[in-house]
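What follows is a single structure, written as structure tokens, with notes after it.
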Amino acid sequence: PAVFAQEGKKININQAPVDELTQMKGIGATYAERIVQFREANGPFTCPEDIMKVPGIGVKIFEANKDIITVK
């Protein structure tokens with residue numbers, strides 16, 4: 001069974017390592033790696049919605065995780 005972030009815990013998509021990113025709904029190791037690669041190539045995300053700039057991550061995944069994503 002997948003382990004999701006605890007209630008009230010935010011995941012900083014600018015700092016979280018792959019294993020923490022995979023706690024988001026719909027984010028497996030492949031997408032987590034893409035998030036890390038994207039921020040390394042393009043600099044930090046400026047808002048939670050920026051996660052949708054990562055290839056393969058769209059509105060559905062963002063909507064499922066918007067309450068736990070932070071960039072600060």
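The values are calculated or read from the model by the stated rules, or taken from the named source; none is laboratory data. Bear in mind the structure is a predicted one, so any value in this text is a computation, not a measurement. With ideal geometry, Cβ positions are generated from the backbone for all residues, glycine too; neighbour counts draw on all protein chains shown. Just the protein is used for accessible areas: all its heavy atoms, side chains included, with ligands, DNA and RNA removed. Shrake-Rupley method; radii C 1.70, N 1.55, O 1.52, S 1.80 Å.
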Exercise. Which angle between 0 and 90 degrees, to the nearest 10, do you get for helix 29-42 versus the longest principal axis of the chain when only C-alpha atoms count?
Worked result: 30 degrees
For this session: Output the peptides 34-47, 57-70, 11-24 sorted from most to least packed, where packing is the average of other Cβ atoms within 10 Å over each peptide's residues.
Result: 11-24, 57-70, 34-47
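Taking all protein chains in place and a 1.4 Å probe, what share, in percent, of the accessible surface of the chain do carbon and sulfur account for?
Working: 2420 of 4440 Å².
About 54 percent, which is the carbon plus sulfur part of the accessible surface.
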Exercise. Can you list residues whose amide H is under 5 Å from ASN12's amide H, if they're 5+ apart or on another chain and H is modeled 1.01 Å from N?
Worked result: THR70
For this session: Provide the per residue accessible area, probe 1.4 Å, for the chain, rounded to a whole number of square angstrom.
Result: 62 Å²
Exercise. Using a basic spin-label model with each label point 7 Å from the Cα along Cα→Cβ, how many nm lie between ALA64 and VAL36?
Worked result: 2.1 nm
